[in-house]
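These notes are about the structure you will find just below.
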Amino acid sequence: MKVTIVGAGNVGATCADVISYRGIASEVVLLDIKEGFAEGKALDIMQCATDTGFNTRVIGVTNDYSKTADSDVVVVTSGIPRKPGMTREELIGINAGIVKSVVENILKYSPDTIIVMVSNPMDTMTYLALKSTGLPKNRIIGMGGILDSSRFRTYLSLALDKPANDISGMVIGGHGDTTMIPLTRLASYNGIPVSQFLSEEVLKKVAADTMVGGATLTGLLGTSAWYAPGASVAFLVDSILNDQKRMIACSVYVEGEYGQNDICIGVPCIIGKNGVEEIIDIQLNDNEKALFAKSADAVRTMNEALKSILA
Ligand SMILES: NC(=O)c1ccc[n+]([C@@H]2O[C@H](COP(=O)([O-])OP(=O)(O)OC[C@H]3O[C@@H](n4cnc5c(N)ncnc54)[C@H](O)[C@@H]3O)[C@@H](O)[C@H]2O)c1
Ligand SMILES: O=C(O)C[C@H](O)C(=O)O
């Protein structure tokens, strides 16, 4: 199985590293516009093979899309990350043009591929990729909800002082500081509602920390995060390539689900070899429904901005 990752920066290279290390794909192509950069990252990753014991072939190329031919999955991480104090939405002006040209190039060589969108603002970049290529909606998947859910589970694990893998929880809605919706009501510690262990006040703080999880890391690091984002992409790619049919919150095109239409937004999906195989339309309570509607409005407004940027 072949995976291409466009953008060999922090997230792209970490994702290539995790995919190789875990043997998720037999071949990984890293592509970047910076001369020699992807080649260097690929060689560095390949030199881990004998120490960590993987056999994935990793190659790096400078803007040569012919080497990406027949990729089963293409991950798009090309574009600029935010700096402290910025929102993801402020990246739209530069990233929209990059994403549009990248997806056009990808499809010339891999017309049947599944695209995983990472570049921010991710929900709008996913929508842009869908609309500009005309690909069927099952083949464009935005990565955000899985990362936000990992952060939610981490903050819950810290509050409970219990391992994150014993905690389940999901974040839906937009991948933005004010648009994501941690589903606290449904989070559990080995099936037991977390509300049996944590006060309402603590749970509110966990949700608030989750929502600004990316901004917190950007403040600490000076650029946005990459370890958890890279691992989240690899988890998603694994579910596609190995047809695992995991339920993962992803940004996908909705047609009536959750009362919304014509946007890409984070909802629980079954992810398998055909990409998005099903959207799980769970029953939200009135408060969650209102939050989802507000989140969808914000995502829709951001999509509108594409018209003037790409005009
Ligand atoms: N969806 C998410 O959950 C999530 C998580 C983390 C980061 N991100 C986003 O992912 C993007 C990348 O973040 P990063 O930290 O890896 O940034 P980075 O600056 O480390 O890497 C981006 C890379 O893209 C390359 N690039 C730019 N234009 C290109 C083009 N036209 N073709 C090929 N390569 C190109 C750059 O040369 C650079 O190496 C950002 O937009 C960031 O906001 C999203
Ligand atoms: O926070 C960012 O800008 C990057 C990414 O979307 C994240 O959540 O880590």
Exercise for review: With the checklist (1) over 17 Å from the mean Cα position of the chain (by Cα); (2) within 12 Å of ligand 2 (Cβ to nearest atom); (3) surrounded by 20 or more Cβ atoms within 10 Å (Cβ to Cβ); (4) of a type outside the set (S, T, N, Q) in hand, flag the one item residue 221 doesn't pass.
Suggested key: (3)
Review point. Would you say residue 309 is away from ligand 1 (no atom under 16 Å from the Cβ), surrounded by 13 or more Cβ atoms within 10 Å (Cβ to Cβ) and of a type in the set (Val, Ile, Thr)?
Key: no
Review point. Within region 78-105, how many residues turn out to be part of a loop (DSSP other than H, G, I, E, B), near ligand 1 (Cβ under 8 Å from one of its atoms) and farther than 18 Å from residue 33 by Cα?
Key: 1
Revision key, fill the gap. Residue count, region 251-260, condition crowded, with 17+ Cβ neighbours inside 10 Å, assigned to a strand (DSSP E or B) and in contact with an Asp or Glu (Cβ under 9 Å, 6 or more places away or on another chain), comes to 3
Exercise for review: Among the candidates 263, 248, single out the residue that is buried (at least 20 other Cβ atoms within 10 Å of the Cβ), out of contact with any strand residue (DSSP E or B) (no Cβ under 6 Å at 6 or more places or on another chain) and under 30 Å from residue 24 (Cβ atoms).
Suggested key: 263
Point to revise | So residue 75, is it away from ligand 2 (no atom under 16 Å from the Cβ), surrounded by 17 or more Cβ atoms within 10 Å (Cβ to Cβ) and either in a strand (DSSP E or B) or among the aliphatic types (A, V, I, L, M) (or both) | key: no
Practice item. Confirm whether residue 56 is away from ligand 2 (no atom under 16 Å from the Cβ), more than 27 Å from residue 124 (Cα to Cα), crowded, with 19+ Cβ neighbours inside 10 Å and among the polar types (S, T, N, Q). Key: yes
Study note, to complete from the structure: Exactly one of 239, 232, 295, 308 is at pLDDT below 95 and either part of a helix (DSSP H, G or I) or among the aliphatic types (A, V, I, L, M) (or both), and that one is 308
Exercise for review: Can you work out which of the residues in region 196-222 that are more than 16 Å from ligand 1 (Cβ to nearest atom) and among the small types (Gly, Ala, Ser) is farthest from residue 292 (Cα to Cα)?
Suggested key: 199
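The values are calculated or read from the model by the stated rules, or taken from the named source; none is laboratory data. Just so it is clear, the structure is predicted and the values come from calculations on it, not from any experiment. Because the Cβ atoms are built from the backbone with ideal geometry, glycine has one as well, and the counts that use them run over all protein chains shown.
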